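Accompanying notes for the structure given below.
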Amino acid sequence: MYGEVKVFDIHGHVSAPMHGTPALAMMLASNTPLSIDPRKAVDPRLNLTEEAWSESVGRHVALLDEYRIDAQLIGPRPFLMLGWMSSHLLPQWTRYVNNAIAKQVSLAPDRFIGAAQLPQNADADDLAHCLPELERCVHELGFKAVYLSPDPTGDRRSPGMDKPYWHPVYKKCQELGLPIIVHGTNCLDHRLDIIPHNYQIGFVWEQYLATQLFSHGDVFERFPELKVLICHCGGALDRFIKTDYHLAQKDLSKNLFFDTNAPELNFLEAAIKQRTPERICFGTEAPGSGASVRPETGRPGDDLVPVIGAFDFLSEHQKVLIFNTNPKHVCPAFGQLDH
């Protein structure tokens, strides 16, 4: 809570036991799709037991309690979406991940809302092949949002997010009222080999590029009810003044939003000011990559409720927008938990 207002976190990831990596390792090593459903299976070899689920989800809920977060939208762990995987494996891995997300939501339905991974094939004519899994996630699993990677293979093969390639998913999400969460995934650029967890660099580039393509393209003219949230404050910030022709000179406030997932406070402050509080949704990714301790407070960097609550450049009204109103606007399912 922030005062008397519930805090909704729009950027979270599934915390299945060991993130499902034992199943992933078996699938990749055998080069064979794995048909196990983590919602139902009990397999100690894959760490799929009720005890393991209870422990992993319990840790996640305890962290939300510690960080004063009332509910969180959870999707796939982006660096494990593995869009470069062989085409005969990726659909089954995607199904496994989505079933794991559904399992976690079922264990704490008052704390988690599910968001879908899709089996994005960068070499397909378009994303129509993703629609069956999208429909399953909505109608069978009850998911309320969709994750998209701008570059699932990590080698920049996919068309830009303004291209017709993406239209089948945009159209379906508009029809179903689903927000799209844009998050970078893998990065296979060999120049980055020396950088630990270099997929994070890919996040910056791909999310900023997506911001620019959505801004300058005609996606929102074609799909005026579509809501898109770009993670990590949009990846990077603009270096031009607002009236510069390098920036799209149009109103994107009804369609394009950003989260607060940037523990570095100078960056976060600049991002909120540049994107404007009216387009910012609270998001932490906790538990995730932002847990390094902030030296001046001794608290983890992703413990952001007290940080944003202390920003003196924000009014109380703007803080409530970020913590509560904007997340509910982008993902209306949060509204069902706001009581």
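The values are calculated or read from the model by the stated rules, or taken from the named source; none is laboratory data. The shown structure was predicted, so the numbers you read here are calculated from the model rather than taken from an experiment. Here the Cβ positions follow ideal geometry from the backbone for every residue, glycine too, while neighbour counts run over all protein chains shown. Ligands, DNA and RNA are stripped out before the accessible areas are found, and what is left, the full protein with its side chains, is counted by its heavy atoms. Shrake-Rupley method; radii C 1.70, N 1.55, O 1.52, S 1.80 Å.
Observations on the model:
- In order along the stretch 323-337, the Karplus-derived 3J(HN,Hα) couplings, from 6.51 cos²θ - 1.76 cosθ + 1.60 at θ = phi - 60°, round to 6, 9, 5, 5, x, 5, 5, 6, 10, x, 4, 4, x, 5, 9 Hz, and Gly and Pro are given as x.
- Partners for K328 among lysines (Cα-Cα distance below 30 Å; same-chain residues under 8 apart left out): K6, K103, K144, K163, K171, K172, K227, K242, K250, K254, K273, K319
- A 1.4 Å probe, protein heavy atoms only, puts the accessible area of H216 near 100 Å².
- For the stretch 204-261, the list of GluC sites (Glu not before Pro) that fall in a loop by DSSP and count at most 15 other C-beta atoms within 10 angstrom reads E225.
- Farthest toward positive dipole pole in the chain [+1 Lys/Arg, -1 Asp/Glu at C-beta], among W93, L337, L321: W93
- Pairwise label distance in nanometres, R191 with S253, each label 7 Å out on the Cα-Cβ vector: 3.8
- 1.4 Å probe accessible area per residue over the chain, in Å²: 42
- Total charge dipole magnitude, the stretch 5-87, about the Cα centre, Cβ charges on Lys, Arg, Asp, Glu only, Debye to nearest 20: 220
- Those trypsin sites (Lys or Arg not before Pro) in the stretch 246-299 that DSSP places in a loop and that have at most 15 other beta carbons within 10 Å: K250, K254
- Among the chymotrypsin sites (Phe, Trp or Tyr not before Pro) in the stretch 16-83, none is located in a DSSP loop while being surrounded by at most 10 other Cβ atoms within 10 Å of its own Cβ.
- Shape category assigned to the stretch 1-153 from the gyration tensor of Cα positions, a/c cut at 1.5: oblate
- Ellipsoid semi-axes in whole angstrom, largest first, where each is sqrt(5λ) of the Cα gyration tensor of the stretch 234-281: 19, 14, 8
- Within the accessible area of the chain (1.4 Å probe), percent carbon and sulfur: 56
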